[in-house]
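First comes the structure, then the notes that go with it.
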Amino acid sequence: MYDMIMKKRSGAEHTTDEIRFIVEGFTKGEIPDYQMSAWLMCVYYKGMTHDETCALTHAMAQSGDQLSLAAIHGVKVDKHSTGGVGDKTTFIVAPILASLGVPVAKMSGRGLGHTGGTIDKLEAIPGFCVSIPEEEFIEHVNSMKLALVGQTGDLAPADKKIYALRDVTATVDSLPLIASSIMSKKLAAGADAIVLDVKCGSGAFMKNEADAKALAQIMVDIGKSAGRTCYGVITDMNEPLGCKVGNALEVIEAVQVLAMKDVKAYLKPDLSLVEDNNTSTREGYDRHGIHRLLTVSLTLAAYMYMAAGKSDDFEAAKAQCEKAIESGAALDKFKEFVEAQGGDGSYIDDVNKFRLAANCVPIVCEEDGYLAACNTSEVGMVNLILGGGRATKDSTINLGVGLDIRKHLGDVVRKDDVLAYMYIDDMGVFEEAKKRLLGAYTVEQKQIKPEKLVKDIVA
Ligand code: URA
């Protein structure tokens, strides 16, 4: 291992065998943390070539269980988001694809820090089981095209061990290390086609578009070299996606989108919708936020449809996905999936049944102007302060708290307009949560044009 550290320190390229030696040795406990830490820091500074990154990904993917989806008919599609705030797109895209006959066999994670996790959100549905046996998982995908479970204990254990070390040695934000970490789990999970939603902005790992694009390209290249069809979609995370942030709240918002009958009306460009927002009542919802959520979801769904080989034209694929919502097929599929995994489907028929926090407090804007910037990870932290997120991986979370945000970047705001409704149980944290939420937004006198929602596609 000493020689490997020296080699990487000098900037030379490792062979595939050397990378395998490092990953296997560390996973078995034969290479100590201090040597692995030194090697990771060398990778951080010297980077990795395409071949090295692929070798690292494969070595980590092969370090534990690898799911075989061969028993599932058709091209199996997966989707991965690099993590953001208010990102509930999986609940929208997975049933769209399944209702169009595309098998979606998905493994998802729990939330940590300012980002939420798909698995936690699903547990807001009473009875929903996130850990079904592998045979049942495969049977569900075969019979109704959709199953979604938490990551199993032994999927890419090398990544788990290496990630824990990166976390405490300031080596998380290295492009080849992030790309290989994500792709090792995706490859081990067995899908034939993968759409990667690479978030970019103040709530994401990647703060700028160039880095997000570089990460997307590395991941797509890894996927292709493993024989998988891959697309990278770079999407904006300079504010939460949609309106709602919080576990039950995000499932509710996804169901509201799946229940839409007039999808096209919400796809018009953002700023034309700002004036007719319905933001001021608790029951209302904000068109601008829904527009953003719907646009990102339909883009991802269309690329998944294309990745499954069902179309080679984006607009045609997107039209199919819109139809799946408008016809009600995607919503029916979501309910079928929830019930198949033990969840109470009546919550999907009537989202008012979800248990939300005891208090719903409007947080109002303090001045007139235009909403100009959002510190998105800070909004995620507000959800954590309310109890809806995890500070450490063993924290328990409150599924009923969160935010329903009624103003978005570029919107006109007036003093006392509702910025967000805060769903809160423990009023002891209210002052801090309110202060941090208001502090996360910047109001200016000049209107800004929000960043493009879908910034680029990498294929
Ligand atoms: N997500 C992962 O799974 N791994 C990383 O390194 C970063 C984000």
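The values are calculated or read from the model by the stated rules, or taken from the named source; none is laboratory data. Computed from a prediction, not measured in an experiment: that's the story for all the values here. When we count neighbours, we look across all protein chains shown, and the Cβ atoms used for this are built from the backbone with ideal geometry, even at glycine. Side chains are part of the model used for accessible areas, which takes the heavy atoms of the whole protein and leaves out ligands, DNA and RNA. Shrake-Rupley method; radii C 1.70, N 1.55, O 1.52, S 1.80 Å.
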| message | Can you find, among Cys54, Leu40, Ala71, the residue sitting farthest towards the positive end of the charge dipole of segment 1-124, where Lys and Arg contribute +1 and Asp and Glu -1 at Cβ? | response | Ala71
| query | Roughly speaking, what is the stretch gain from Asp167 to Asn208, that is 0.36 nm per residue apart minus the C-alpha to C-alpha distance, in nm to one decimal? | reply | 12.6 nm
| task | For n ≥ 4 DSSP H runs only, could you compute -39500 (n - 2.57) per run for the chain, divide by its residues and tell me the 222 nm figure to the nearest 500? | result | -13500 deg cm²/dmol
| query | So who's got an amide H within less than 5 Å of the one on Val364, skipping anything under 5 residues away but keeping other chains? H placed 1.01 Å off N, in plane. | reply | Leu419
| query | Say the cut-off is 28 Å between C-alpha atoms; which of Lys28/Lys185; Lys145/Lys452; Lys8/Lys185; Lys207/Lys407; Lys106/Lys455 go over it? | reply | Lys145/Lys452
| Heavy-atom surface of segment 77-350, accessible at 1.4 Å and reported per residue (Å²) | 31
| Any idea what Rg and Dmax come out to for segment 333-379 if you just take the C-alpha atoms, in Å? | 18.0, 49
| query | Using modelled backbone amide H atoms (1.01 Å from N, in-plane), which distant-in-sequence or interchain residues come within less than 5 Å of Asp456's amide H? | reply | Ile234
| task | Note down the net charge around Ala316, summing +1 for each Lys or Arg and -1 for each Asp or Glu among other residues with Cβ under 13 Å from its Cβ. | result | -1
| For segment 355-444, with equal point scatterers placed on the C-alpha atoms only and solvent neglected, what are the log10 I(q)/I(0) values from the Debye formula at q = 0.10, 0.12 1/Å, to two decimals? | -0.25, -0.35
| request: Extending each Cα 7 Å along its Cβ direction at Thr442 and Val454, get the distance between those two points in nm, one decimal. | output: 2.9
| remark: One computes Rg over Rh for the chain from alpha-carbon atoms, with the Kirkwood Rh, and obtains 0.97
| Ratio of Rg to Rh over segment 24-97 (Cα coordinates, Kirkwood Rh, two decimals) | 1.09
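In Å², what does the accessible area per residue of segment 355-444 work out to with a 1.4 Å probe?
On the way: 3780 Å² over 90 residues.
Computed with neighbouring chains in place, this is 42 Å² per residue.
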| Mean separation of Cα contacts under 8 Å (6+ apart) over length of the chain, as relative contact order % | 20
| In segment 134-178, which residues have a backbone nitrogen under 17 Å from the label point lying 7 Å from Glu24's Cα in the Cα-to-Cβ direction? | 156-159
| query | Using +1 on the beta carbon of Lys and Arg, -1 on that of Asp and Glu, and nothing else charged, what's the dipole of segment 168-257 about the Cα centre, debye to 20? | reply | 260
| query | Where the Cα atoms of segment 273-396 are projected onto their three principal axes, how long is each span, largest first, in whole Å? | reply | 48, 40, 31
| What relative contact order, as a whole-number percentage, does segment 77-350 give when Cα pairs under 8 Å and 6 or more residues apart are counted? | 28
| message | At R0 = 30 Å, how high is the FRET efficiency between Asp313 and Val263 if r is their beta carbon distance? Nearest 0.05 is fine. | response | 0.95
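For segment 173-312, what is the per residue volume of the convex hull drawn over the alpha-carbon atoms, in cubic angstrom?
Details: hull volume 20.0 nm³, N = 140.
Each residue corresponds to 143 Å³ of Cα convex hull volume.
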| Using r as the Cβ-Cβ distance of Ser346 and Ser143, and R0 as 30 Å, what FRET efficiency do you calculate, to the nearest 0.05? | 0.85
| task | Find, to one decimal place in angstroms, the Kirkwood hydrodynamic radius of segment 18-152, where the mean of 1/r is taken over every pair of different Cα atoms and then inverted. | result | 17.5
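Using C-alpha positions alone, give me the convex hull volume of segment 77-350 per residue in cubic angstrom. Working shown, then result.
Numbers: hull volume 35.1 nm³, N = 274.
In segment 77-350, the Cα convex hull volume per residue is 128 Å³.
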| note | HN-Hα couplings for segment 301-311 via Karplus (6.51, -1.76, 1.60; θ = phi - 60°), in whole Hz with x for Gly/Pro, come out as 4, 5, 5, 5, 4, 5, 4, 7, x, 8, 7
| query | Across the Cα atoms of segment 112-262, what radius of gyration and what greatest pairwise Cα-Cα distance (Dmax) are found, in Å? | reply | 16.9, 50
| Size of charge dipole - the chain - debye, nearest 20, with Cβ of Lys, Arg +1 and Asp, Glu -1, no other charges | 440
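Could you work out the equivalent-ellipsoid semi-axes for segment 2-47, taking the square root of 5 times each eigenvalue of the Cα gyration tensor, largest first, in whole Å? Walk me through the numbers on the way to the answer.
Numbers: eigenvalues 54, 30, 12 Å².
Output for segment 2-47: semi-axes of 16, 12, 8 Å.
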| query | In nm, to one decimal, how far is the Val364 label point from the Lys393 one, both placed 7 Å along Cα→Cβ? | reply | 4.5
| Roughly what would the spin-label model give for Asp332 and Tyr2, points 7 Å off Cα along C-beta, in nm? | 6.9
| Per-residue HN-Hα couplings for segment 92-97, Karplus 6.51 cos²θ - 1.76 cosθ + 1.60 at θ = phi - 60°, whole Hz, x for Gly and Pro? | 9, 6, 4, x, 4, 5
